[in-house]
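Shown next, in structure tokens, is the structure this report addresses.
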Protein chains: 2
Amino acid sequence: MSESKTPFTPISTIGEFKLIDRIAEGIECVHSSTIKGIGDDAAVIHTPLHQVITTDLLIEGIHFDLMYTPLKHLGYKAVVVNLSDVFAMNAQPKQILVSLALSNRFSVEAVDELYEGIKAACKKYNVDLIGGDTTASPKGLTICITAIGEAKKEKIVYRNSAKEGDLLVVSGDLGAAYIGLQLLEREKQIFIENPNVKTDLKGHDYTVGRQLKPEARMDIIELLEKFNILPTSMIDISDGLSSEILHICQQSNVGCVLHEEYVPIDPNTYNTALTFNIDPINCALSGGEDYELLFTIRPEDASKIKNHPDLSIIGEIIDANLGVKLHSKGDNYYDLISMGWDNLDADK
Amino acid sequence: MSESKTPFTPISTIGEFKLIDRIAEGIECVHSSTIKGIGDDAAVIHTPLHQVITTDLLIEGIHFDLMYTPLKHLGYKAVVVNLSDVFAMNAQPKQILVSLALSNRFSVEAVDELYEGIKAACKKYNVDLIGGDTTASPKGLTICITAIGEAKKEKIVYRNSAKEGDLLVVSGDLGAAYIGLQLLEREKQIFIENPNVKTDLKGHDYTVGRQLKPEARMDIIELLEKFNILPTSMIDISDGLSSEILHICQQSNVGCVLHEEYVPIDPNTYNTALTFNIDPINCALSGGEDYELLFTIRPEDASKIKNHPDLSIIGEIIDANLGVKLHSKGDNYYDLISMGWDNLDADK
């Protein structure tokens, strides 16, 4: 939360075309399906495989706060949230297009920093940056990323194909990104009230990291391939576990029992939630931004993943008439309701 | 420029998911390459052809002014500007993804109106709406559209393949959208000063229409196919003729002579430019937003298009060392410079 000491070159001094040249510098496309990247009216791609395509808008003041979000991390995260959708289809991301709207508060150096993160994510996830758009904004920063992935037709996994008797599985742990956000917001308030108080996020690297620089679960897609498991349905967790379970159930026309005791929550997330007087399970159910994968598998595949540290079996798919239930630690059954933060409720 | 009388249902009363259901209602995907549209983590597409992909951000206060832009026209235009890029690759658009960020100033009815225009453009240009993102915005409206087109590999036309001796051709006429914008801005000022004065845009339907509801030149792509002409290079005119000629010349490593006398300018554009004390040629060179196609052809193809009312041969490609020149009506040669409005110069 300190003022940047880097130089400030207004973008207007170099103009849109030179800025694009600067962004394009050093970009190499590695995939055979990328025929033409940045530099024409459109990029050109070609693959014999099926493609998945997804897009996400990130808006300053809604999705991120630059008071505590380094631009490099923001660029990285903007790519990751899109790739997470590609993995949720059981596909491999290959290309992205990046559009930016920038107010004159942003310098050439700020764009460089943002692209450092974007390019780092491209490198990590082996994705070609093939195009986009760069424009002015009257206020704030907007990032719109479109990601394209590839998969064999028979490998693509939808939300609408879970079947009664399937097991519900989630990767990693949940709720940490939400707790990270609470910590960052608390420190922001302290800083606003007294800029001389040093931020105290010691011991919270994990939760804060999950908020600021999440990863998409490419490793889980590879693991499922290795274990020869084709999920019967899959979705990524961006809005919270409840909301995503409800999507799968609604689209597959099935019910579900989610067992609270099996929902994976990291100890630091758990304990910090308590200090905020939040029930940790609610962080998992409704926190969102976990970018973990939620999927269903045939019961006969259960033995392949049992005891895997990165995968938890958290429930079963049941008949639609039985509803979508949370089986609590206290052995009660509640209707699972979507409390995912609905961006459009933001009253600003 | 009158207050809307339609009801105002806040988006927060229905929420993001219901809004998406509402948008998705009645959408039918017609193309065989669209495997899965709205409703999963990503859309799924598949084609044996090559694909072109392009994206554009439209920001309120930069690219449009809702004081004089009907939302339906805006939705239509937002699609068209992307399809224009697809046609500029000599490809046929097949799918679009639409992302919106909306402040709470926008009602459910406003979103309906915007999508009416988006869907009208999809119908007109035979394009499937396959996905997108919808989110809140702290201020104003942002639209990000990604368009995907298809073409045989050998039919795709790039910017970098113009050759010495080729002829430079442009479709339609230029500068009208810029004049339309000047007229709308003038009426806006009059309205601000005195809301009781009636707007007077009589006789300016063409120029105002070119600004508010442009079309992309699908017909020209079909015409070229019919005439069996494969352009040697092509680009669409979004920033102004000068800027686009310079792109082709720079990327093809050639020079060009543009003959002022052959640049097609509509009479109403011409005369209205004079009333604004603007040299009409400057509207064509630097006005932008024409969404016409600029391309180069082999000289042997010239006879096929000669005297076609929608196509004008406006120059020749020459050696790079001779530069990029405007041959004026007064028989002088000037260096052509890019005066295209550089969005990033907007100092807001």
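Bear in mind these aren't lab numbers, they're just calculated from the coordinates by the rules spelled out. Not measured: the values here are computed from a predicted model. Cβ: placed from backbone, ideal geometry, glycine included. Neighbour counts: every protein chain shown.
Among all helices in chain B defined by DSSP H, which have a length of 18 Å or more along the axis from Cα atoms plus a Kyte-Doolittle mean of at least -1.0? Could the numbers behind the result be given before it?
Values: long enough: B:71-87 (24 Å, 0.72); B:108-125 (25 Å, -0.23); B:176-193 (26 Å, 0.21).
The answer, listed by residue number, is B:71-87, B:108-125, B:176-193.
Looking at segment B:54-128, which GluC sites (Glu not before Pro) are DSSP coil and have at most 10 other C-beta atoms within 10 Å of their C-beta?
Numbers: sites: B:GLU60, B:GLU109, B:GLU113, B:GLU116; in loops: none.
Loop-located and lightly packed - none at all.
Using a 10 Å cut-off on Cβ to Cβ distances, tally the other chain neighbours for every residue of A:140-149 and report the average as a whole number.
On the way: counts 5, 0, 8, 2, 13, 5, 12, 1, 6, 2.
Mean shielding by partner chains, rounded to a whole number: 5.
Would you mind calculating the gained length between B:GLU193 and B:PHE8 on full extension (0.36 nm times residue separation, minus the Cα-Cα distance), in nm to one decimal? Please report the intermediate quantities before stating the final value.
Details: separation 185, 0.36 × 185 = 66.60 nm, distance 2.74 nm.
Gain in length upon complete extension: 63.9 nm.
Identify unpaired cysteines across the protein assembly as shown, taking unpaired to mean no other cysteine Cβ lies under 4.7 Å from the residue's Cβ.
A:CYS29, A:CYS122, A:CYS249, A:CYS256, A:CYS283, B:CYS29, B:CYS122, B:CYS249, B:CYS256, B:CYS283
Mind checking B:56-64 for the average number of partner chain beta-carbons within 10 Å of each residue's beta-carbon? Display every interim value, and only then the final one.
Values: counts 5, 13, 3, 8, 3, 4, 6, 3, 0.
The shielding value for this peptide is 5.
Which distances, in nm and shortest first, link the A:GLU300 label point to the same label point in every other copy, taking 7 Å along Cα→Cβ?
6.4
Every other copy gets compared here: list the nm distances from the A:ASP21 label point (7 Å along Cα to Cβ) to its counterparts, shortest first, one decimal.
Sorted ascending, the copy-to-copy spacings read 5.2 nm.
Say each of B:ASP331 and A:ASN253 gets a label point 7 Å from the Cα, pointing the same way as Cα to Cβ; how far apart are those two points in nm?
8.0
What FRET efficiency would be calculated for the residue pair A:LYS123, B:ASN126, taking the C-beta separation as r and a Förster radius of 45 Å, to the nearest 0.05?
Values: r = 38 Å, r/R0 = 0.85.
Approximately 0.75, to the nearest 0.05.
Given R₀ = 51 Å, FRET efficiency for B:LEU201-A:SER303 by Cβ-Cβ distance, to 0.05?
Values: r = 73 Å, r/R0 = 1.43.
Once rounded, the FRET efficiency stands at 0.10.
Can you run phi through the Karplus equation (6.51, -1.76, 1.60; θ = phi - 60°) for segment B:49-65 and list ³J(HN,Hα) in whole Hz, with x for Gly and Pro?
With coefficients 6.51, -1.76 and 1.60, one gets 7, 6, 10, 10, 9, 8, 9, 9, 9, 10, 10, 4, x, 10, 9, 8, 10 Hz.
If the reach is capped at under 22 angstrom between alpha carbons, list the lysines near A:LYS329, excluding any in the same chain fewer than eight residues apart.
A:LYS306
Take the Cβ-Cβ distance between B:ASP21 and A:LYS153 as r, set R0 to 25 Å, and report the resulting FRET efficiency rounded to the nearest 0.05. Can you show the working numbers first?
On the way: r = 27 Å, r/R0 = 1.09.
After rounding to 0.05, the efficiency reads 0.40.
Find, among the trypsin sites (Lys or Arg not before Pro) in segment A:225-325, those assigned to loop by DSSP (not H, G, I, E, B) with at most 12 other beta-carbon atoms within 10 angstrom.
Taking segment A:225-325 and a limit of 12 other Cβ atoms within 10 Å, the loop trypsin sites (Lys or Arg not before Pro) found are A:LYS306.
Taking the DSSP beta bridges in chain B as the whole, what percent of them are antiparallel, to the nearest 5? Walk me through the numbers on the way to the answer.
Details: 43 of 56 bridges.
Taking every DSSP beta bridge within chain B, about 75 percent pair in antiparallel fashion.
In the protein assembly as shown, if the dipole is taken from +1 on Lys/Arg beta carbons and -1 on Asp/Glu beta carbons about the Cα centre, which of A:LEU83, A:GLY15, B:PHE191 is farthest to the positive end?
The listed residue farthest towards the positive side: A:LEU83.
Using the 10 angstrom Cβ neighbour count as an exposure proxy, how do A:MET67, A:MET218 rank, fewest first? Spell out each step's value before the answer.
Details: A:MET67 12, A:MET218 18.
Sorted ascending by nearby Cβ count, the order is A:MET67, A:MET218.
Could you work out the relative contact order of segment B:83-169, using alpha carbon pairs under 8 angstrom and six or more residues apart, expressed as a whole percent?
Working: 114 pairs, mean separation 41.5, N = 87.
Over segment B:83-169, the number comes to 48 percent.
In percent, how large is the relative contact order of chain B, given Cα pairs closer than 8 Å and 6 or more residues apart? Don't skip to the answer; put the middle values down first.
Numbers: 718 pairs, mean separation 71.9, N = 348.
Computed value for chain B: 21 percent relative contact order.
Output, in nm with one decimal and in ascending order, the distances from the A:PHE8 label point to the matching label points of the other copies (7 Å from Cα along Cα-to-Cβ).
Nearest to farthest, the other copies are at 3.6 nm.
Under a crude label model (7 Å from the Cα following the beta-carbon direction), how far is A:LEU274 from A:SER161 in nanometres?
Using points 7 Å along Cα→Cβ, the separation is 4.3 nm.
Dipole of the protein assembly as shown, Cα-centred, from +1 at each Lys and Arg C-beta and -1 at each Asp and Glu C-beta, to the nearest 20 debye?
Details: 62 positive and 102 negative charges, 93 e Å.
In total the dipole reaches around 440 debye.
Given B:LYS94/B:LYS304; B:LYS72/B:LYS123; A:LYS152/A:LYS226; B:LYS94/B:LYS124, which pairs have Cα atoms separated by over 23 Å?
Values: B:LYS94/B:LYS304 29 Å; B:LYS72/B:LYS123 14 Å; A:LYS152/A:LYS226 16 Å; B:LYS94/B:LYS124 12 Å.
Result: B:LYS94/B:LYS304 exceed 23 Å.
Taking Cα pairs under 8 Å and at least six residues apart, what relative contact order does segment A:11-155 come out at, in percent?
On the way: 259 pairs, mean separation 54.2, N = 145.
Across segment A:11-155, relative contact order equals 37 percent.
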